[in-house]
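To start, the structure itself, in structure tokens.
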Amino acid sequence: MRRWGWWLAGAGILFSLVRLYMIDPEKGGFLSCPFRLFTGLLCPGCGSQRALHDLMHLRTGEAFDHNALLVISIPLLVLQWACSHLFFKEKPLSARNWVVFSWAVLAVGWGLFRNVYVSPHTGH
């Protein structure tokens, strides 16, 4: 990608984060999950916008209620990135099959868990 493309992508991400900080997704204005729209089930990412909004406002408990996987994944991804840059410079952890497979299993497992055990009881 050319240099201007990185600047454009960065500006888009910054704009999205500022918008997410200022506008509460609980009140609307953001896209709904297409998986939930068509199936009625929660995908592993459902609640991520609300969770990010809550984290930006330092409401960790509410963020955890909206999407626990996202809240737990943020420090784990930072740790993965740090370990890659400190210890695995020749091949970062994100390029290793077992790491990618582990994240995929975690996401699918969370999706199953929240639909079987969490969603029917809490309504989230």
Of all residues in region 74-114 being small (Gly, Ala, Ser) and touching a residue at least 12 places away in the same chain (Cβ under 8 Å), which is farthest from Pro25 (Cα to Cα)?
Ser94
Check region 80-87 and report whether any residue there is touching a helix residue (DSSP H, G or I) at 6+ places or on another chain (Cβ under 6 Å), in a helix (DSSP H, G or I) and surrounded by 15 or more Cβ atoms within 10 Å (Cβ to Cβ).
yes
Search result, residues across region 88-108 that are in contact with a helix residue (DSSP H, G or I) (Cβ under 9 Å, 6 or more places away or on another chain) and part of a helix (DSSP H, G or I)
Leu93, Ser94, Ala95, Val99, Val100, Trp103, Leu106, Ala107
Which of the residues belonging to region 30-52 are of a type outside the set (Gly, Ala, Ser), in a helix (DSSP H, G or I) and either under 14 Å from the mean Cα position of the chain (by Cα) or surrounded by 11 or more Cβ atoms within 10 Å (Cβ to Cβ) (or both)?
Phe35, Arg36, Thr39, Gln49, Arg50, Leu52
Out of curiosity, is Glu62 within 16 Å of the chain's Cα centre (by Cα) and in a helix (DSSP H, G or I)?
yes
Can you find a residue that is free of Cβ contacts under 8 Å to residues at least 12 places away in the same chain, under 25 Å from Asn115 (Cα atoms) and assigned to a helix (DSSP H, G or I) anywhere in region 7-27?
yes
Hey, can you tell me all the residues within region 53-73 that are of a type in the set (Val, Ile, Thr) and loosely packed, with under 14 Cβ neighbours inside 10 Å?
Thr60, Ile72
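Read-outs: derived from the displayed coordinates by stated rules, not from any lab. Bear in mind that the values here come from a model prediction, so they are computed numbers and not experimental data. Glycine also receives a Cβ, built like all others from the backbone with ideal geometry; neighbour counts cover every protein chain displayed.
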